[in-house]
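See structure below.
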Amino acid sequence: MAVLLVTNDDGVHASGLAALARALDELGDVYVLAPEREHSACGHALTLHRPLRVERLAERRFAVNGTPSDCVNLGVLGFLPERPALVVAGVNHGSNLGDDVTYSGTVSAAMEGTLLGVPSLAISLVDGGDFDGAAAIARLLAMRALVTALPPKTLLNVNVPTGVPRGITLTRLGHRVYTGKVVEQTDPRGRAHYWIGGGEPEWGELAGTDMGAIHAGDVSVTPLHLDLTNHRALDQLADLASSLNAQYRPAARTRARRG
Ligand code: MN
């Protein structure tokens, strides 16, 4: 049986994680390795400046005092009895759509798996949806990813709407239009503090996007690529390097003095 690694960013006790682990159980030996507490919006953070501890909660179920990406790194690079055939992160409590994926611990866990060469999926459920239904969708996609390889350096970001989905749609990421402002307040000691992340999100063009699919009641599947290079910009900026080189005067290198 293949080893499957399941993690999340809502913490090891989250009900979405339990539903996912149950749904994947018949596909392989499911190991749950998840943060001991909630880490939503932690992005792709890794813990490099203190040791990680793993607490065994039950058979093949472990809590880690770190981030979702820590859990994947640990699992793929040695903690599990063998290299996992698949990393599945979720089911996240709340959607991970459009530009927000860069903040998501759930999506970052799948990014970490992908960077380590393991096929990876992230699955998120719109608030108020049914975890078992979303986990069943995750099982369908997991079966597919185990049989047919995903494109190189590519993960699947899956979002499930509330209610019974109409179907499954391939999408691109939507874009947020930022309208929110920083909220400045004064504390009882007269010092200013700030709240960020406020304001209702507004979305740009919805057609073909993950947000559009969710609005229509479909499961959204977005292939995300981890080569962040803007290949078109390499051509557009071609004259940049030559003009910079024309201005650049290398400083004479001073020999490092020893002792
Ligand atoms: Mn979360």
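Which net charge results for the neighbourhood of residue 3, defined as the other residues with beta-carbon distances under 12 angstrom from its beta-carbon, given Lys and Arg at +1 and Asp and Glu at -1?
0
For the stretch 79-153, which chymotrypsin sites (Phe, Trp or Tyr not before Pro) are both in a DSSP coil and crowded by at most 16 other Cβ atoms within 10 Å?
103
Looking at the stretch 21-59, which GluC sites (Glu not before Pro) are DSSP coil and have at most 11 other C-beta atoms within 10 Å of their C-beta?
Those satisfying the criteria are 59.
Does a label point 7 Å from the Cα of residue 103, set along Cα-to-beta-carbon, have any residues of the stretch 1-26 with amide nitrogen under 18 Å, and which are they?
9-11
Ignoring ligands, DNA and RNA, please state the percent of accessible area on the stretch 159-253 from carbon and sulfur, probe 1.4 Å.
57 percent
If each of residue 205 and residue 77 carries a label point 7 Å out from its Cα toward its Cβ, how far apart are those two points in nm?
If labels sit at residue 205 and residue 77, their model points lie 4.0 nm apart.
Computed FRET efficiency, Cβ-Cβ of residue 170 and residue 242, R0 41 Å: what is it to the nearest 0.05?
Here the calculated transfer efficiency is 0.55.
With charges only on Cβ, +1 for K and R and -1 for D and E, what is the dipole size of the stretch 185-259 about its Cα centre, in debye, rounded to 20?
1300 debye
Treating the beta-carbon of each Lys and Arg as +1 and of each Asp and Glu as -1, no other charges, what is the dipole magnitude of the chain about its Cα centre, to the nearest 20 debye?
The dipole of the chain has a size of about 1400 debye.
With a 1.4 Å probe and every protein chain left in place, work out the accessible area per residue of the chain in Å², rounded to a whole number.
Per residue, the chain has 58 Å² of solvent-accessible surface.
Ignoring ligands, DNA and RNA, what percent of the 1.4 Å accessible area of the stretch 105-150 is carbon and sulfur?
In the stretch 105-150, the share of accessible area belonging to carbon and sulfur is 60 percent.
In nm, to one decimal, how far is the residue 41 label point from the residue 143 one, both placed 7 Å along Cα→Cβ?
Spacing of the two 7 Å Cα→Cβ label points: 3.7 nm.
What are the GluC sites (Glu not before Pro) within the stretch 163-259 that DSSP puts in a loop, where the Cβ has at most 13 other Cβ atoms within 10 Å?
Qualifying residues, ordered by number: 205.
Report the calculated FRET efficiency for residue 229 and residue 130 (r = Cβ-Cβ distance, R0 = 45 Å), to the nearest 0.05.
According to the calculation, E is roughly 0.70.
Heavy atoms only, probe 1.4 Å: what % of the accessible area of the stretch 1-50 goes to carbon and sulfur, would you let me know?
The value for the stretch 1-50 is 49 percent carbon and sulfur by accessible area.
The values are calculated or read from the model by the stated rules, or taken from the named source; none is laboratory data. Not measured: the values here are computed from a predicted model. In this analysis, Cβ positions are derived from the backbone assuming ideal geometry, glycine residues included, and neighbour counts consider all displayed protein chains. The protein model used for the area step is the full one, side chains on, heavy atoms only, and it has no ligands, DNA or RNA in it. Shrake-Rupley method; radii C 1.70, N 1.55, O 1.52, S 1.80 Å.
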